[in-house]
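K.L.:
Questions regarding the structure given below will be posed in turn.
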Amino acid sequence: MGIKIYNTLTKRVEAFEPLEPGHVKMYVCGPTVYDYFHIGNARPFIVFDVVRRWFEYRGYRVTFVQNITDVDDKIINRAAAEGVSPQAIAERYTQAYWEDLERLGVLPANYQPKATEWIPKMVEFVQKLIDKGYAYVLEGGDVYFRVRKFEGYGKLSGKSLEELEAGARVEVDERKEDPLDFALWKAAKPGEPKWPAPWGEGRPGWHLECSVMAMGLLGETLDIHGGGQDLIFPHHENEIAQSEAATGKPFVRYWMHNGLLKYQGEKMSKSLGNFEYARDVVERYGKEAVRYFYLSKHYRTPVNFTHEAMEDARRAVERVYHLLEELDQELDRRDGHTAELNVEKLTKRGRTYLAYLERAKREFEEHMDDDFNTAAALGVLFELVKEANVFRQDVAEEDLPLLKRTFELIRELGAPLGLFQESPWRQAHGEVQAQLVELLIEVRKELRRKREYELADRIRARLRELGIELKDKGEETVWSYASTGAGVEGG
């Protein structure tokens, strides 16, 4: 069947076919780095991380580009408020952005271009639009795009020029030829960052940046361009206009947009103060709970953030890890980790369960292929958890390899979602506890080096009383939860 995608441009679900067989060229709008990103900003990062992972799971090669807007009014205003340079603000929050993506388990893009690194190319692009009559220069050095000259403006958002004239969001400048025209280049103002251009020093407009970086790294026609629904107009509409005006070719073949996040039932907004930073939510609930919270809804539907919903997500993730831990300890107890699956030796119950596992995998993949329906896919996975909990009770020796297969299948299906890849012990009993055990192991190792064996033995004995068993293997110490035997490497 292949992968199907809802295309915002055509307003329908379409079979996906990349321009280059087997290779997906994908661009997603990144952050404007003037602050930490909030939990609503995290949704597109997670959604398109999963889209990228799923293409790779299905055997595609993906070139994934996500930009960083490091010159913008918000950055300039933040710098002025703090009495530092815009560059200092941009560098601080670019680093924070990368750190927070890692906290969320988001894979780094193949390319993460910064707007300021591409300004000479942006100047060339604007000059091309001027030469073709799609852009004009005002006195002082501002450059605008002629919206009416581009046929088909509004095809992504579905907005007509008449609707836009009646009150859509437009940039106000009485000197413009038409109120609908948008800025490609902003003339320099005192104290602001600026770069040279034939028509005068200044800086690029926001819409211009994405077009130039996307086409510069992926070619004049992209397979997929993604972002939040709030970017459809004017940002993505303007990207289409300027890009296609410059090249005469389709800019993007499949437009994807995720639904927005409400905060406790209201629109999330930093200006209103009703938001939470993503890093704080991850610290409280864990990265997989945040990912599960979003992926338990279809990416195009709106989501309401509440702490009750986050607690539910955390418990759902723990339920899966609890099963993984139970499977792991049962395989440890019965030496089943190396057991090979032999269908002919399975009991009747085992053959029925194996058929179910194969069907579950097939259904999971069908849901993911159908416009990345993670909500339905997770439904299949949690039904698998339910069935596995029943099957593992009093499992026959001949069927033991099916416990191993269940463990592996949950890992396999969780991987493209960025879920269920951690140590079951760590997730079931907490990362903090694991870190404390490893700290005590380091202390014990130092005590042994100093030949203070009595105190080192007391640490080992006390941990054993708390259910932690230490085993010394040469220079390394391996520890496990004594009541389950679920081993974890320690220092």
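K.L.:
Report, ordered by the first and then the second residue, all pairs with beta carbons closer than 6 Å, sequence separation of six or more or different chains, a first member in the stretch 451-467 that is farther than 11 Å from VAL437 by Cβ, and a second member that is part of a helix (DSSP H, G or I) and hydrophobic (A, V, I, L, M, F, W, C).
P.N.:
Filtered contacts from the stretch 451-467: LEU455/LEU447; ALA456/LEU447.
Conditions (1) farther than 30 Å from LEU417 by Cβ; (2) small (Gly, Ala, Ser); (3) in a helix (DSSP H, G or I), marked per residue:
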residue	(1), (2), (3)
ALA88	yes, yes, yes
TRP98	no, no, yes
LEU107	no, no, no
LYS121	yes, no, yes
GLY154	yes, yes, no
GLY158	yes, yes, no
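K.L.:
Could you tell me how many of the residues in the stretch 40-71 are under 19 Å from TYR277 (Cβ atoms) and not in a helix (DSSP H, G or I)?
P.N.:
Here the count works out to 4.
K.L.:
Do the conditions hold for GLY83, that is, is it of a type in the set (Gly, Ala, Ser), more than 27 Å from the chain's Cα centre (by Cα) and exposed (fewer than 14 other Cβ atoms within 10 Å of the Cβ)?
P.N.:
yes
K.L.:
Something else now. I want to confirm something. Restricting to the stretch 343-364 and keeping residues that are free of Cβ contacts under 8 Å to residues at least 40 places away in the same chain and not basic (Lys, Arg), which single residue is farthest from GLU412 (Cα to Cα)?
P.N.:
First, the residues of the stretch 343-364 that are free of Cβ contacts under 8 Å to residues at least 40 places away in the same chain: 343-344, 348, 351-352, 355-356, 358-359, 362-363.
Now drop any that are not not basic (Lys, Arg), which leaves 343-344, 352, 355-356, 358, 363.
Working: VAL343: 21, GLU344: 24, THR352: 21, ALA355: 17, TYR356: 16, GLU358: 13, GLU363: 14 Å.
Ranking the qualifying residues of the stretch 343-364, first place goes to GLU344.
K.L.:
When only residues in the stretch 134-143 that are touching a strand residue (DSSP E or B) at 6+ places or on another chain (Cβ under 6 Å) and within 11 Å of ALA187 (Cβ to Cβ) count, which is modelled with the lowest pLDDT?
P.N.:
Filtering first and then ranking leaves GLY140.
K.L.:
Still on this model: Are there any helices (runs of 4 or more DSSP H) wholly within the stretch 214-331 with 1 or more residues that are outside the structural domain of TYR60 (by TED's automatic domain parsing) and not polar (S, T, N, Q), and if so which? Quick ask: steps written out before the conclusion?
P.N.:
Values: elements: 237-247, 278-285, 287-295.
Passing ranges, in order: 278-285, 287-295.
K.L.:
Just need a number here: residues in the stretch 186-213 that are over 20 Å from ALA109 (Cβ atoms), touching a residue at least 40 places away in the same chain (Cβ under 8 Å) and either of a type in the set (D, E, K, R) or part of a strand (DSSP E or B) (or both).
P.N.:
Residues flagged as over 20 Å from ALA109 (Cβ atoms), touching a residue at least 40 places away in the same chain (Cβ under 8 Å) and either of a type in the set (D, E, K, R) or part of a strand (DSSP E or B) (or both) within the stretch 186-213 amount to 8.
K.L.:
Hey, another quick one. Which number in (1) under 27 Å from GLU408 (Cβ atoms); (2) at pLDDT below 95; (3) buried (at least 21 other Cβ atoms within 10 Å of the Cβ) marks the one condition that ASP335 misses?
P.N.:
Among (1) under 27 Å from GLU408 (Cβ atoms); (2) at pLDDT below 95; (3) buried (at least 21 other Cβ atoms within 10 Å of the Cβ), the lone unmet condition for ASP335 is (3).
K.L.:
Please identify the pairs in which a residue from the stretch 1-25 that is in the same structural domain as SER211 (by TED's automatic domain parsing) has its Cβ atom under 9 Å from the Cβ atom of a residue that is in a loop (DSSP other than H, G, I, E, B) and of a type in the set (A, V, I, L, M), counting only partners at least 6 apart or on another chain.
P.N.:
Once the first residue is in the same structural domain as SER211 (by TED's automatic domain parsing) and sits in the stretch 1-25, its partners that are in a loop (DSSP other than H, G, I, E, B) and of a type in the set (A, V, I, L, M) give THR8/LEU156; LEU9/LEU156; ALA15/MET1; ALA15/ILE3; PHE16/ILE3; LYS25/LEU19.
K.L.:
Let me ask you something else. Identify, please: which residue in the stretch 219-235 is buried (at least 20 other Cβ atoms within 10 Å of the Cβ) and farther than 16 Å from ILE68 by Cα and is, among those, farthest from the chain's Cα centre (by Cα)?
P.N.:
This residue is PRO234.
K.L.:
In addition: Among the listed residues GLU398, GLU387, GLU422, GLU408, identify the single one that is surrounded by fewer than 14 Cβ atoms within 10 Å (Cβ to Cβ) and either outside the structural domain of LEU466 (by TED's automatic domain parsing) or out of contact with any strand residue (DSSP E or B) (no Cβ under 9 Å at 6 or more places or on another chain) (or both).
P.N.:
GLU408
K.L.:
Among the numbered criteria (1) basic (Lys, Arg); (2) without any contact (Cβ under 8 Å) to a residue 60 or more places away in the chain; (3) in contact with a Gly (Cβ under 9 Å, 6 or more places away or on another chain), which one does ARG300 miss?
P.N.:
Here ARG300 meets the rest and fails (2).
K.L.:
Any chance the stretch 121-141 includes a residue that's in the same structural domain as GLY226 (by TED's automatic domain parsing), under 33 Å from the mean Cα position of the chain (by Cα), more than 24 Å from THR94 (Cβ to Cβ) and surrounded by fewer than 17 Cβ atoms within 10 Å (Cβ to Cβ)?
P.N.:
Yes, the conditions are met somewhere in the stretch 121-141.
K.L.:
Within the set of pairs 6 or more residues apart or between chains, which connect a residue that is touching a residue at least 60 places away in the same chain (Cβ under 8 Å) and within 11 Å of GLY414 (Cα to Cα) inside the stretch 377-390 to a residue that is assigned to a helix (DSSP H, G or I) and among the hydroxyl-bearing types (Ser, Thr, Tyr) with Cβ atoms less than 9 Å apart?
P.N.:
Short answer, once both residue conditions are applied: LEU378/TYR292.
K.L.:
Would you be able to say whether some residue in the stretch 283-306 is modelled with pLDDT under 95 and of a type in the set (Asp, Glu)?
P.N.:
yes
K.L.:
Can you tell me which residue is nearest to the chain's Cα centre (by Cα) among those in the stretch 34-64 that are basic (Lys, Arg) and buried (at least 21 other Cβ atoms within 10 Å of the Cβ)? Lay out the reasoning, then the answer.
P.N.:
The first filter runs over the stretch 34-64 and keeps only residues basic (Lys, Arg), leaving 43, 52-53, 58, 61.
From what is left, the residues that are buried (at least 21 other Cβ atoms within 10 Å of the Cβ) are 43, 52.
On the way: ARG43: 7, ARG52: 9 Å.
Within the stretch 34-64, the match that is nearest to the chain's Cα centre (by Cα) is ARG43.
K.L.:
Out of GLU397, GLU358, GLU344, GLU422, I need the residue that is closer than 30 Å to TRP479 by Cα and over 25 Å from the mean Cα position of the chain (by Cα). Which one?
P.N.:
Within the list GLU397, GLU358, GLU344, GLU422, the selection yields GLU397.
K.L.:
Right, another one. Taking the stretch 249-308 as the region of interest, how many residues are over 22 Å from HIS235 (Cβ atoms) and of a type in the set (A, V, I, L, M, F, W, C)?
P.N.:
So the count comes out to 7.
The values are calculated or read from the model by the stated rules, or taken from the named source; none is laboratory data. Note that the coordinates shown come from a computational prediction; the quantities given were computed from them, not determined experimentally. Glycine also receives a Cβ, built like all others from the backbone with ideal geometry; neighbour counts cover every protein chain displayed.
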